[in-house]
1. Pairs needed: first member in the range 137-165, under 16 Å from A215 (Cβ atoms); second member anywhere, open to solvent by 30 Å² or more (accessible area, probe 1.4 Å) and polar (S, T, N, Q); C-beta distance under 6 Å; at least 6 residues apart or different chains.
2. In this structure, is F196 modelled with pLDDT of 95 or more and open to solvent by 10 Å² or more (accessible area, probe 1.4 Å)?
3. Given (1) at pLDDT 95 or above; (2) open to solvent by 60 Å² or more (accessible area, probe 1.4 Å); (3) touching a strand residue (DSSP E or B) at 6+ places or on another chain (Cβ under 9 Å); (4) more than 15 Å from V266 (Cβ to Cβ), identify the lone condition not met by A231.
4. Within the range 264-287, can one find any residue that is touching a Phe, Trp or Tyr at 6+ places or on another chain (Cβ under 8 Å) and basic (K, R)?
5. Go through the range 1-43 and report how many residues are surrounded by fewer than 18 Cβ atoms within 10 Å (Cβ to Cβ), modelled with pLDDT under 85 and among the β-branched types (V, I, T).
6. Residues being open to solvent by 30 Å² or more (accessible area, probe 1.4 Å), under 23 Å from E157 (Cα atoms) and not in a strand (DSSP E or B): count how many of those fall in the range 99-141.
7. Note down all Cβ pairs under 6 Å where the first residue falls in the range 195-213 and is of a type in the set (K, R), the second is crowded, with 18+ Cβ neighbours inside 10 Å, and they're at least six residues apart or on different chains.
Amino acid sequence: MVSLKNEPEAGTLSRALPRVVDIAQAAGVSTATVDRVLNHRPGVRAATVQRVLKAAADLDYLPESELHPAVAAKPMRLSFLLPAGNNRFLTGLGEMIRRADSLLAPQGVKAQVEFIKSFNPELLARSLFQHGRRADGVAFMALEHPAVREAVDALAERNVPAVTLISDILNCRRAGYVGLDNRAAGRTAGYLIARFLGRRTAKVAMIAGSLSYRAHEDREMGFLHVLKEIAPGIEVVGLREGHDDEGKSYRQTRMLLGLHPDLAGVYNIGGGAEGVARALKETRREREIVFVGHGLTNETRAMLIDGTLDAVITQDPRNTLSACVGIFTNLRAGRPAMQGVETPRGEVIFRENLPQGMLPDE
């Protein structure tokens, strides 16, 4: 505990020593916040801590020898919560974060990653609570659910900012979002399929991970809207949920191919592209059906090269991590969350513009 100067006694004739209330007034906070800061109790934003300590120093409340240890910045502890499963892009993102210690250490950041069971909002909410007790910030791929919104708001009450990754959540106090404009991503997919198919009438299908993800719902809406606008001759014959699982996506694609032998296009909204590709190859339709998906991985790269996959809409995972760290750093310093932060931009990758080199192994 920081040793505090005694409060002056009433009626003292000498110059009054500064009081906790004076520090609170100078820092623009409550006396309870000053007490928490000076006694190293949790629950106060780093920027507020610095403001209180500066006020205490300016008022000569803390001896110089005690001020420096108190002001010394501790590493910022960040937790990243990602869905478990075989979505190769998300798995690769998590592994990249785990290997980024040497890049993050100079920025005063320590990051940990936890993969939690996919499509389980109650488990995600519990994980948010647990990590919020020991982390300075939590980044997570959001599920649309009241329990998740409540968890985010509870973290905000405890001054632990939460940033959504890849898929956003609305009507809660999340600090920021790092990901694509998913409505625009869906429109891009629809535009690509329409251009590949030309002006002929055709049937196309969609396979989503889960519409519990706002990202997947937004992509679906963007896809449907752009086809209605520019390609009224294209009929969307079904939306199936593959839960980002290769096996489920395979079975859903085989079912669609059986129901619609004249199927001309598939838009894979989430993960599990390997299952879609396997179904197309088994039925020898891989060169006939236009296939557009998301997330550049070693697997989707191979599908682009062999012609099974026509286009991939993706974002750079390194930029995703950098944007997250930038948001948390801004919040810690008391700056606006998005100040100077470049959010990830969507890229459309074809066989002809593949970036050089393979992606890191998972």
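The values are calculated or read from the model by the stated rules, or taken from the named source; none is laboratory data. As the structure is a prediction and not an experimental result, all values here were calculated from the model. Positions of Cβ are backbone-derived with ideal geometry, glycine not excepted, and every protein chain shown enters the neighbour counts. The area values use the complete protein model at the heavy-atom level, side chains included, leaving out ligands, DNA and RNA. Shrake-Rupley method; radii C 1.70, N 1.55, O 1.52, S 1.80 Å.
1. L143/S212; E144/S212
2. Here the answer is yes, as F196 does meet what is asked.
3. (2)
4. yes
5. Result for the range 1-43: 2.
6. Total meeting the criteria: 8.
7. What qualifies is K203/L263; K203/A264.
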